[in-house]
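Coordinate-derived values only; no laboratory data. A quick note: this is a predicted structure, and the numbers were derived from the prediction, not measured. Ideal geometry is used to build each Cβ from the backbone, glycine not excepted, and the neighbour counts take in all protein chains shown.
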Amino acid sequence: MNNFLWGRYFALKQVREQWLLTLVTAIGVLIAAALLAAVPIYSNTMSDLGLRFRIEKDLEKPIDRVSYTTVEGLSLGGRSDMRYRDALEAVTSGRFSYLSDETFIEIRSDRLVASLINVTNTFPENKKLFQLAEESVNQNSWNTFFVWPSGFENHVKIVEGRFPVDEGKDLEVVLPDGFQAHVQLNDKILITLPQHDDCQNLEKSQDAQVAQDEKTCEPTLNLSGHFVASIVGFIKPKDPNDLRWQFAQLRESSANWNVPNSLIDPRSGVDSARDADYGVTRVTEDFGGMPLLTNQYQLENILAFDAPDLTVRQRVGIIPNVKAIGILDVSRIIDDFSIWTNDINKRLGLVAVTTNKLDSALEKYRNTQSFSKIPLFLILLQVVGIVFFYLVVVSKLFQDRQFNETQLYVTRGANNFQIVGFGFVSALLLILPAIFLGPLVADQAIAFLGITPQFDVINNGNFLPTIIRFDSFLFATGGAILGLIALLIPTVLLTTNNVLRSRIDRMRPSQKNVLQKYYLDMLFVLLAILLIWQLNQRQTIFDPDSVGRLVDGSCFVIYSFCYNFSCSKFTAPFLSSISEYPYQTFDAI
């Protein structure tokens, strides 16, 4: 091994003395590594653009990108249901922490009845709740419900008053801005729970005549509950377009809570039970309801204590950053959504309704993406062939210049093993930097394509969003290895056993016909024509619907045109002439 690496003492000296030849060769190796590294970078970039187009097309409304699950019928204060709610949040946040910065939670109670207590600032301690309830019979009442959107305090601003505190025993709530027309700051409202009696809830007969004759149960016991809530503030969203507010309002386009002109009295006969899937906006507009917003402490410690059997609905979901989703994330996201649904319905045993349009869009994209793998493989084969052809031609041009130097080493006692080792070390000095610089050069070149007219439609004239992944360095290593092989070929051919044969070939070169001279050029031109024809037939290397019918065939024609031209025999005299100068000194020895 020491004999094989003896050339390390002379390699750096050779680089300095033959800097022009080294520069030309280094550029060739760098181009080889960059071309191969560009294949996965370009493929991933085009796939990411196609994925973005697919998501924007299938999920045109931003709210459709929100994925969430809904569980009905949980009791607010039940210990088992509280554990279910915590587990639902933990499963969602643990599964999609890479996809969304925050797990959104909304807990909303069933419809309740509220009435205003005729006091100013202090609660009348000498009055009991049932006495206040009796007085409220003669007062106006309205529909209301409690709602807690997670983290809402950080995304709203106080118009008047303050937020509910995380301490104490008094229930505090805030209202959307505009409800000042109905209640005032520091008002206290009496909340009445749904009434229950001792009658069984039996279904009537489907026969109308029989059902008419059936006796109805007359309750002997009626139960009802009451508690008091204080209004401590009025709020409005900082950013009405924030998806969290559309999430809290259940698919409503407007993020502002619209305040009804009048609060509907549930005793007036107006149907107020249709609250299954209506968000805050529908509640306030159609049914004159009042959303009472409170924080997590108030909900789980005070309200749950006052009304432990209050039925609530919990929705847990994520707002994924779709711009950060790449082609490598598609399969993982689809699998995680499937596992997430299975964890909720089977492992937790909850009856949950999942709303997820993102999963369908990604599945559709993954099915169409498989059609682009064959054209990309053909492009990869073409690029590899062009790279290797380029390196072999450049190396062949300098074979004559290396002959005298190799012959000198042979006359000084160097054996074949040492000659090849010297060439290996010299080539290694060129390919190691190319492995690390190749992906960087390819990344910048592909990003620059974004300002070309072909990509202006989908990228608005900006640089393409490229990402250098590990496979780019693997491809660059493959290009560098091709360069190593190409640079070692002349050294192997010019070893001791081939010196005489090489001298005879130079003195009496054999004449080759045009086909023998340019067969590689013709082969690559035919491959380019075949690939261009295929691109013209399909209009793109990808599925047209997945990338917005982007025509990018010209990008791959550049590969064939530039490098077939640069490596053709017409440029050989120029490349040979620039290598004359470094060897003039050596020829004089």
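With neighbour counts taken as other beta-carbon atoms within 10 Å, the residues M82, M522, M46 rank, fewest first, as M522, M82, M46. Measuring r between the beta carbons of T452 and D336 and using R0 = 30 Å, the FRET efficiency lands at 0.25.
Note on L526 and Y98: the extension gain reaches 149.5 nm, defined as 0.36 nm multiplied by sequence separation minus the Cα-Cα distance. Checked against a 19 Å cut-off, the cross-linked pairs K57/K357; K157/K323; K157/K188; K61/K357; K57/K323; K61/K236 give Cα-Cα distances beyond that limit for K157/K323; K157/K188; K61/K236. Applying 0.36 nm per residue to the separation of S360 and L243 and subtracting their alpha-carbon distance, the gain on full extension is 40.1 nm.
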